[in-house]
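K.L.:
I have a structure I would like to understand better, so I am pasting it below and will then ask my questions one at a time.
The values are calculated or read from the model by the stated rules, or taken from the named source; none is laboratory data. No experiment lies behind these values; they were computed from the predicted model shown. All Cβ positions, even for glycine, are placed from backbone atoms using ideal geometry, and neighbour counts span all protein chains on display.
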Amino acid sequence: MIRTFRIFGAGEWGLAVANHLSCLGNNVEIFLRDGNKINEFSAQRAYKDLDISFNKNIIFYNFSDLNILPENKNTFNIIASSSSGFSGIINSYQEYFKSCESILWLTKGLDHSSGLLFHEIIDQQLSPNINKCIISGPSFAKDLVSAKPLKVSLASSCDLLSNSVIEAMETENFMFEKTTDIIGVEVSGVMKNISAILAGALTVNSYPDEYIEELIALSQRDIKSIVRKITSQQKSYRVSEEDLDKTVLSPACYGDMHLTCYFNTSRNRQLGLKIIGTYNLEKIIKKIGTVEGYLSTLTLNKHEKVFGESRVVEAAYKILYLDAKPKKVLNKLFN
């Protein structure tokens, strides 16, 4: 069966997934807002930063083309935008997305304007009856392109959707671990960025790596607590304690958190590595670029009634927003 995947957003991970899908014989339609970028990709048929050559299975469209393209049951819709762009895509093209049987997303994080997780945006702005699926785990775009072994989590509200995605995407070098714990995977994607900031601060302030392992364990406990808090109100997404235990050990949680906390390629860890002595946080972030964990710390603190208390979030908030001394906060966190 030839499947069509529509990918909304053209960041590196979205392009890498598009390339992967097209190489497996799937039709891929990539939607962008930037007309110049569409013309560039269509003419050059390449993305040099990832050493990708786009094959004939990939076509580039403007978002406005959604009004004229047909939707069918073999079409899979994947949102691959930044966290700040997710809600805008859904809201700007509600008529199209309301007609979809399913929506997948590669985006990690949450909506900082509303404090909503992405499944909530779909449920509230579109319909709770739309099948949902999130793909998340320790993965870099360049590694997918070069076929390095990767294993990620795939959380879905529909087993048939999960199986169809795996059938279309899985290879011996790109493997999936199935779960129904959508909220657990989402919260893991939020918390790993916050934890990576603290991990960088631990490293630069001369704490041994054992403290990073303890930080990861603390984060896993906080994730379970947050998920329980959210699912007490959203009962249709509730999973068993056994499944929640599996989530915190999964690629989406432990795998991604370990990668982000230890590897300097993470912007979040880069920020943490600057938190020593006298530092200007505003200048650091301006130099690094968007730091998702920095934004998520404020959002989770602001919406504590929804997410509940978290020792890790509290520690990050004190350092990042209250100018607390890093070592004093970190020492208290581990005591």
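Residues checked against (1) in contact (Cβ under 8 Å) with a residue 40 or more places away in the chain; (2) in a loop (DSSP other than H, G, I, E, B):
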{"position": "90", "(1), (2)": "no, no"}
{"position": "103", "(1), (2)": "no, no"}
{"position": "112", "(1), (2)": "yes, yes"}
{"position": "121", "(1), (2)": "no, no"}
{"position": "127", "(1), (2)": "no, yes"}
{"position": "132", "(1), (2)": "yes, no"}
{"position": "138", "(1), (2)": "yes, yes"}
{"position": "144", "(1), (2)": "yes, no"}
{"position": "147", "(1), (2)": "no, yes"}
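K.L.:
Right, next: Between a residue in the range 311-335 that is in contact (Cβ under 8 Å) with a residue 40 or more places away in the chain and any residue that is part of a helix (DSSP H, G or I) and among the basic types (Lys, Arg), which pairs come within a Cβ distance under 8 Å, given they are 6 or more apart or on different chains?
P.N.:
315/332; 333/311
K.L.:
If you don't mind, there's one more thing I want to ask. Can you pull out every residue in the range 164-213 that is in a helix (DSSP H, G or I), polar (S, T, N, Q) and closer than 30 Å to residue 318 by Cβ?
P.N.:
Hits for the range 164-213 are 188, 193, 195, 203.
K.L.:
Do the conditions hold for residue 188, that is, is it in contact with a helix residue (DSSP H, G or I) (Cβ under 7 Å, 6 or more places away or on another chain), among the hydroxyl-bearing types (Ser, Thr, Tyr), within 15 Å of residue 117 (Cβ to Cβ) and modelled with pLDDT of 95 or more?
P.N.:
So residue 188 fits the description; yes.
K.L.:
Go through the residues of the range 228-240 one by one and say whether even a single one is closer than 18 Å to residue 317 by Cα and either crowded, with 18+ Cβ neighbours inside 10 Å or touching a helix residue (DSSP H, G or I) at 6+ places or on another chain (Cβ under 9 Å) (or both).
P.N.:
no
K.L.:
Within the range 32-77, how many residues are in contact (Cβ under 8 Å) with a residue 40 or more places away in the chain and at positive phi?
P.N.:
The number of residues fulfilling the criteria is 1.
K.L.:
I'm told residue 201 meets every condition in (1) under 29 Å from residue 76 (Cα atoms); (2) touching a Pro at 6+ places or on another chain (Cβ under 8 Å) except one. Can you identify the failing condition by its number?
P.N.:
The one condition residue 201 does not meet is (1).
K.L.:
Hey, can you tell me all the residues within the range 149-163 that are assigned to a helix (DSSP H, G or I) and either surrounded by fewer than 19 Cβ atoms within 10 Å (Cβ to Cβ) or in the same structural domain as residue 226 (by TED's automatic domain parsing) (or both)?
P.N.:
159, 160, 163
K.L.:
Continuing with the same structure: Can you confirm whether residue 17 is in the same structural domain as residue 162 (by TED's automatic domain parsing), outside any strand (DSSP E or B) and under 25 Å from the mean Cα position of the chain (by Cα)?
P.N.:
So residue 17 passes the test.
K.L.:
Could you list all residues from the range 41-81 that are in contact with a Gly (Cβ under 8 Å, 6 or more places away or on another chain) and surrounded by 14 or more Cβ atoms within 10 Å (Cβ to Cβ)?
P.N.:
57, 78, 79, 80, 81, listed by residue number.
Results for (1) within 16 Å of the chain's Cα centre (by Cα); (2) of a type in the set (D, E, K, R), shown as yes or no for each residue.
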| position | (1), (2) |
| --- | --- |
| 209 | no, yes |
| 216 | no, no |
| 224 | no, yes |
| 234 | no, no |
| 238 | no, yes |
| 252 | yes, no |
| 259 | yes, no |
| 266 | yes, no |
| 273 | no, no |
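K.L.:
Conditions first: (1) of a type in the set (D, E, K, R); (2) buried (at least 18 other Cβ atoms within 10 Å of the Cβ); (3) outside any loop (DSSP other than H, G, I, E, B). Residue 287 passes all but one, so which condition is the exception?
P.N.:
(2)
K.L.:
Sticking with this one: Restricting to the range 242-284, give me the number of residues that are more than 20 Å from residue 149 (Cβ to Cβ), assigned to a helix (DSSP H, G or I) and free of Cβ contacts under 8 Å to residues at least 40 places away in the same chain.
P.N.:
7
K.L.:
Could you list, in sequence order, all residues of the range 226-241 that are outside any helix (DSSP H, G or I) and either in contact with a Phe, Trp or Tyr (Cβ under 7 Å, 6 or more places away or on another chain) or of a type in the set (S, T, N, Q) (or both)?
P.N.:
Scanning the range 226-241 gives 232, 233, 234, 240.
K.L.:
Output yes when any residue across the range 172-185 is touching a helix residue (DSSP H, G or I) at 6+ places or on another chain (Cβ under 8 Å), more than 21 Å from residue 131 (Cα to Cα), at pLDDT 95 or above and not small (Gly, Ala, Ser), and no when none is.
P.N.:
yes
K.L.:
Quick check on the range 254-276. Is at least one of its residues at pLDDT 95 or above, surrounded by fewer than 17 Cβ atoms within 10 Å (Cβ to Cβ) and either outside the structural domain of residue 204 (by TED's automatic domain parsing) or of a type in the set (Lys, Arg) (or both)?
P.N.:
Checking the range 254-276: not a single residue is at pLDDT 95 or above, surrounded by fewer than 17 Cβ atoms within 10 Å (Cβ to Cβ) and either outside the structural domain of residue 204 (by TED's automatic domain parsing) or of a type in the set (Lys, Arg) (or both).
K.L.:
May I ask you to list pairs of residues, at least six apart or on different chains, whose Cβ atoms are under 8 Å apart, with the first in the range 197-215 being under 15 Å from residue 311 (Cα atoms) and the second being of a type in the set (D, E, K, R)?
P.N.:
197/269; 199/269
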